[in-house]
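Contents: one structure, followed by commentary.
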Amino acid sequence: LFSSLLIALTIVPLLSSRLMVKIEDDEISPGKSNKKVSPVASLLNKFKGVYKKVDAKYSNLLKWALGHRKAVVIPFVVLFIISMALIPFIGTEFLPHSDAGSISISVKLPYGTNLAETNRFVAEMVDRLKAIPEVEGIMESIGSGGQMWGMLGTDNSEAGISVQLVPLAERKRSSDEVAESIRNMTIDMAGAEIKVKALTSMDFVAGDLLTPISIGIKGDDMEKLKEISREVTDIVKATSGTREVKSSLEAGKPELVVKIDREKATMYGLSSAQIAQSVNSAVSGSVATKYKVGGDEIDVVIKSDDKLVDDVHKVKNLLIPSQTGALITLGDVAQVDKGTGPVSIVRENQTRQVTVTSAVLGRDTGTVNREIQEKLSNIHLPEGYSIKIGGEQEQMLESFRDLILVFLLALVLVYMVMAAQFESLKQPFIIMFTVPLALIGVVFALLLTGLRISMTSLIGIIVLAGIVVNNAIVLIDFINQLRDKGIPRNEAIIKAGPARLRPILMTTLTTVLGLIPLALGIGEGGELGAPMGTAVIGGLSLSTLLTLVVIPVVYTIFEDWGDILARYRKNWRNRKKSAAEEI
């Protein structure tokens, strides 16, 4: 903007003086000359005719508006109230969903499934995925804990599949639609937990930090947390639009629980550490010796059969040497049972926390989270337990609050600049009425295009705060110039409107046309900028049309109020002066 201002004040006048040539009337009016009219002149002639009609109609509209001010102001106020009431129907989201062309699939078979069985299951899935026309490439990783590249350690019962789709321009379905079809085609594959997620651009940056739905449940007792988490999970699953609902208290991995009877262990002269060491040696093995090959040493490990842990009775019959040298069984000094252990235990501020997460499909995350919040408010929580919605919803609300403050600050700064320019506090306030006009346009533009309120659309609204006032500034400034020449107020308005109609329409049209590619969201990742472009186009277009009529009317209203206030002050001073003279 600063560069364009510099060029507009220096280079543009210079080039205009050298290059601009006046077109005579007979060059564009075929009726006045026998000269052959060029295509450009013909086009200019048509435009001139159309513009004259628009100019005449606008002049008549402006005259009517000044004589029927209530008929102009009241519909504007009603329209603004209606647009504000429609905001909840737009929907909210942190960032627009961008199609990254990638789908992540996690596969979890029953714990203990061997690598060959997992490989067979994944191979069957891959065969089904290859039948999808949008699929360009498939990468599988078995034994990765469901995470590509094995970031969370290895587990032969888990696998991850990454599906790369063809470019967006070459397919008819979005990645969300393809992901939904994958869910449907794998629903009959029993014996495994399959999670399908269409990745967005933000997933590669923020990962799981921006989970569409993330509900944290805090408390001390694990059993109570399990009960509450199940209830929360049922609520989320019952909410329309949720997919892949998951609790962090998922089924734990099978384990053997050995509870040592300390009294019996003491009778045999054994400590808990000695018993644990004996069990560990039998299950995991112990290094008996080392075998040297060249310069390398290889550990020789002695351990029981790998299937030992599958049979509780065999574990109970493990032999443990006592202090006297006698061999006793593990069952003589301990109770052995099968159980499940948690995959992870999460704490926040020393308090246990369970998290229920879900993806969202076909609806905006803000509306889904609000519905879930309403249902969660009906859950009776014991003392010391709490439920909090986090994830994308938490980040979205924080960002929205910050951007609203930025928007208000922008309005203050714009007002201060105009107050300095006009040397008035009243006229900048009149010009600021263009902002609610723009907000009306933003609301209807987002509704008509099906876009949602997001960070990018709010940034567009902030940009509008500095753009929409320009048209009113041009109009009010010219009205002031005419009034300074002694022209009456209404006559100055009627002359200023048509005189500034062309530059106002030109600046608006060039801005709108320049933003159309952004609003269309063309290209990979273009969805991120579409709400911003749409918000600016809708707000600027409607505010421009309404500014040409509403702002002149508001100008006369404030001028009348100013005259009334001035007369009141004058009468009050006269009465005060008269009272002083009587005394």
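Where a number appears in this text, it was derived from the coordinates with a stated rule and is not lab data. None of the values given here were measured: they were computed from a predicted structure. Because the Cβ atoms are built from the backbone with ideal geometry, glycine has one as well, and the counts that use them run over all protein chains shown.
Summary table below
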{"item": "Sequence ranges 382-393, 449-460, ranked by mean other-Cβ count within 10 angstrom, highest first", "result": "449-460, 382-393"}
{"item": "Farthest positive-ward along the chain dipole, Cα basis, beta-carbon charges - from Phe89, Ser286, Gly390", "result": "Phe89"}
{"item": "Positive dipole terminus of the chain, leading residue within Ser42, Val333, Leu409 (C-beta point charges)", "result": "Ser42"}
{"item": "Structure-based [θ]222 nm, the chain - -39500 (n - 2.57) summed over DSSP H runs of at least 4, per residue, nearest 500", "result": "-18000 deg cm²/dmol"}
{"item": "Magnitude of the charge dipole, the range 457-508, Cβ model with Lys/Arg +1 and Asp/Glu -1, debye to 20", "result": "140"}
{"item": "Cβ-based net charge around Glu93, under 9 Å, with every Lys or Arg adding one and every Asp or Glu removing one", "result": "-1"}
{"item": "Radius of gyration and maximum dimension Dmax of the range 253-341, Cα, Å", "result": "15.2, 50"}
{"item": "All lysines inside 20 Å of Lys53 as judged from Cα atoms, apart from same-chain residues fewer than 8 positions distant", "result": "Lys63, Lys495"}
{"item": "Check: the range 412-569 dipole with +1 on Lys, Arg Cβ and -1 on Asp, Glu Cβ, in debye", "result": "340"}
{"item": "Proximal charge balance of Arg352 [Cβ under 13 Å; K/R count +1, D/E count -1]", "result": "0"}
{"item": "Identified option (computed Cα Rg over 2.2 N^0.38 Å; candidates (1) 1.35; (2) 1.13; (3) 1.51)", "result": "(3)"}
{"item": "Debye equation applied to the C-alpha atoms of the range 99-199, log10 I(q)/I(0) at 0.12, 0.13, 0.20 Å⁻¹", "result": "-0.36, -0.42, -0.94"}
{"item": "C-alpha center-to-center spacing [the range 75-99, the range 542-583] in angstrom", "result": "36"}
{"item": "Dipole of the chain, positive end: most advanced residue of Ile320, Gln350, Leu256 [Cβ charges, Cα centre]", "result": "Gln350"}
{"item": "About the Cα centre, charge dipole magnitude for the chain (Lys/Arg +1, Asp/Glu -1 at Cβ), debye", "result": "3660"}
